[in-house]
């Protein structure tokens, strides 16, 4: 049974014959040809990961210059602005020209990208904030914000916000909010809102 599962995993992963990205054990590599991964060991065009020019390690901030944040050990792009009061766990990152301030906490692989702004006493757990999104005095857990999403004084759990939605004084769970939809002063659970 184990050999059958291993063979299936090799066949599925080996099927990636085009250029792409391979991620294993938290490290990503770009491959310009045939890639194969077995038990966490990857190769590109037959060369083991890390030994040939075809494989280039990629971190959460891609090719940006980075530093390690003193409060938590997370990755910070030198183009980003992160206050000393912000906690960024070692597996989290702030990339692009994002600005993170206040008593914000980024934990469990959370990432803030682009021109996003996160402020106040916000908390991101397993969440990603992209684009020009803003988060203030809010809690995000297992969620993704894209575009120009605006979240303030709210809790967003296992949800995705796309476009220009506004969530204020609200609780959003297991939902997708698109376009210019607004959720103000209410609870939304298991819904798709478009506007």
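What is the distance, in nm, between label points placed 7 Å from the Cα along the Cα-to-Cβ direction at residue 83 and at residue 70?
Distance between the two pseudo-spin positions: 1.6 nm.
Which residues among region 89-123 fall inside the zone where the amide N is under 11 Å from a point 7 Å beyond the Cα of residue 62, along Cα→Cβ?
Residues passing the 11 Å test: 96, 114.
When Rg is the radius of gyration of the Cα atoms in region 86-129 and Rh is its Kirkwood radius, what does Rg/Rh come to?
Computed over Cα atoms, the ratio is 0.90.
Determine the distance separating the Cα centre of region 147-184 from the Cα centre of region 123-143; give it in Å without decimals.
Computed from Cα coordinates, the inter-centre distance equals 10 Å.
Return the ratio Rg/(2.2 N^0.38 Å) for region 61-117, where Rg is computed over Cα atoms only.
Values: Rg = 9.5 Å, N = 57, 2.2 N^0.38 = 10.2 Å.
Cα Rg divided by the expected 2.2 N^0.38 Å: 0.93.
Counting other C-beta atoms within 10 Å, which of 144, 76 has the fewest, and how do the rest follow?
Listing 144, 76 from fewest to most nearby Cβ atoms yields 144, 76.
Once a ≥ b ≥ c are taken as the square roots of the eigenvalues of the Cα gyration tensor of region 90-180, is the result rounded (a/c under 1.5), prolate (a/b larger than b/c) or oblate (a/b not larger than b/c)?
Numbers: a/c = 1.42, a/b = 1.27, b/c = 1.12.
Since a/c stays below 1.5, the shape of region 90-180 is classed as rounded.
What distance in nm separates the two pseudo spin-label positions at residue 171 and residue 195, each 7 Å out from Cα along the beta-carbon direction?
Each label point is offset 7 Å from its Cα along the Cβ direction, giving 2.1 nm.
Quick one: go through region 96-140 and flag any residue whose amide nitrogen is under 17 Å from the point 7 Å out along the Cα-to-Cβ line of residue 184.
136
Order by neighbour count: 79, 154, 119, fewest other Cβ atoms within 10 Å first, most last.
Details: 79 14, 154 23, 119 19.
Ordered from fewest to most neighbouring Cβ atoms within 10 Å, 79, 154, 119 come out as 79, 119, 154.
Fewest to most neighbouring Cβ within 10 Å: what's the order for 81, 128, 187, 173?
Fewest to most other Cβ atoms nearby, the residues stand as 187, 81, 173, 128.
Here, each number is a calculation from the coordinates, and none is a lab measurement. Because the structure is predicted, anything quoted here is derived from the model rather than measured. Methodologically, a virtual Cβ is constructed for each residue, glycine included, from the backbone with ideal geometry; neighbour enumeration extends over all protein chains shown.
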